[in-house]
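The block underneath contains the structure these notes are about, expressed in structure tokens.
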Amino acid sequence: MTTPLSSAQQLIKSAKSVLFITGAGLSADSGLPTYRGVGGLYEGQRTDEGYAIETALSASMFRRHPEITWKYLWQIGSACYQAKFNQGHTIIAEIEKNKPNTWVLTQNIDGFHHQAGSKNLIEIHGRAERLYCLDCDFQSTAEQLLANYQQTINLPPQCPQCGGLIRPDVVLFEEMLPEKALSQLYQLLETMPFDMVVVVGTSAQFPYIQQPVVIAKQLAIPVIEINPIDSELSHLATYHLRGGAAEMLTKLWKMA
Ligand code: APR
């Protein structure tokens, strides 16, 4: 008797190149909070200052009150540094080694795909560990400048070179996506050199996350979704594996 899992296992076994689209749910298995859904950071909660978290993490807030934005960036950065990548990230990197034209489009800023060994990686929302100064060419990492977000310092951090404002290389709300990552994504979407798309742990709020899946459907490329609940993309999934990312990726790949 075939099941969504057994059919998905067949697909991944015969696939030559896979596009993974990942979100916070993949890192939930590392203990990081998701943004929406059950227990999500944004789930209707206000910050201590009474703002919606999307407002606190927005470009306009960062311009007016960088210390407020940095307070929440610090929480996210600190959570990332106290956690590490999990079996789900490892399996995705293993699949890329086994099928070299595999790519990962991630919304996560934790750097876990990179740490787990993924090479063909588009970090569309940037990476929390990279820092730069708004007023000069100074660049650094959270490890060098912020002791990995592990010790309290006066926020916002100041540039040691010019005293200017330091920020992480991540996309704040209201900001444009990074040019390089976007052009890499568009190049892939032009040719769509994939014979399978696997969407893992995302509520798929954003058009640039939905678009690759819509194109895959138009090209009759099978789409697997791994998520305990439905997302904005579930109606497009060929098979929806309802469960945690690490557990379902293990079943998908290790037991294929
Ligand atoms: N395994 C798989 N999926 C999970 C797990 C898990 N263990 N736990 C939760 N999920 C699912 C949730 O059901 C939800 O659909 O992961 C998804 C997480 O959705 P979001 O929290 O919205 O995260 P994401 O889709 O990555 O958000 C996109 O929004 O706020 C911005 O920049 C932020 O990158 C983030 C973006």
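The values are calculated or read from the model by the stated rules, or taken from the named source; none is laboratory data. Since the model is a prediction, treat every value here as computed from it, not as a measurement. Positions of Cβ are backbone-derived with ideal geometry, glycine not excepted, and every protein chain shown enters the neighbour counts. All accessible areas refer to the heavy atoms of the entire protein, side chains included, with ligands and DNA or RNA removed. Shrake-Rupley method; radii C 1.70, N 1.55, O 1.52, S 1.80 Å.
Note down the magnitude of the dipole of the chain about its Cα centre, charges +1 on Lys and Arg C-beta and -1 on Asp and Glu C-beta and zero elsewhere, to the nearest 20 debye. In total the dipole reaches around 660 debye.
For the range 1-135, the convex hull drawn through the C-alpha positions has a volume of 128 cubic angstrom per residue. Between PRO207, PRO178, PRO33, the GNM of the chain built on Cα springs shorter than 10 angstrom shows PRO207 fluctuating the most. When a 1.4 Å probe is rolled over the protein heavy atoms, the share of accessible surface on the chain that falls to carbon and sulfur comes to 52 percent. Helices in the chain, meaning DSSP H runs of at least 4 residues, each add -39500 (n - 2.57). Divided by all residues, the mean residue ellipticity at 222 nm is -11000 deg cm²/dmol. About its Cα centre, the dipole of the range 80-153 is roughly 300 debye, where the only charges are +1 on Lys and Arg Cβ and -1 on Asp and Glu Cβ. Candidates HIS240, GLN151, VAL213 compared by Cα position along the dipole of the range 105-245: farthest toward the positive end lies HIS240, with charges placed on Cβ. Measuring from each cysteine beta-carbon in the chain, the ones with no other cysteine beta-carbon under 4.7 angstrom are CYS80.
Over the range 1-74, what relative contact order in percent results from Cα pairs under 8 Å that are six or more residues apart?
On the way: 44 pairs, mean separation 8.6, N = 74.
Relative CO of the range 1-74 lands at 12 percent.
Rounded to the nearest 20 debye, the dipole size of the range 108-256 about its Cα centre is 440 debye, using +1 on the Cβ of Lys and Arg and -1 on the Cβ of Asp and Glu. Inter-label distance, GLU67 to MET192: 5.1 nm, where each label sits 7 Å from its Cα along the C-beta direction. With both labels modelled 7 Å from their Cα along Cα-to-Cβ, the GLU179 to HIS235 distance reads 3.7 nm.
Give LYS84/LYS180; LYS16/LYS254; LYS13/LYS251; LYS16/LYS119; LYS84/LYS119 a once-over and call out the pairs whose C-alpha atoms are over 24 Å from each other. Mind showing how you got there, number by number?
On the way: LYS84/LYS180 26 Å; LYS16/LYS254 17 Å; LYS13/LYS251 12 Å; LYS16/LYS119 16 Å; LYS84/LYS119 17 Å.
Correct reply: LYS84/LYS180.
With every protein chain present, what is the per residue accessible area of the chain (1.4 Å probe, Å²)? Before the final figure, lay out each step's value.
On the way: 12100 Å² over 256 residues.
Heavy-atom SASA per residue in the chain reads 47 Å².
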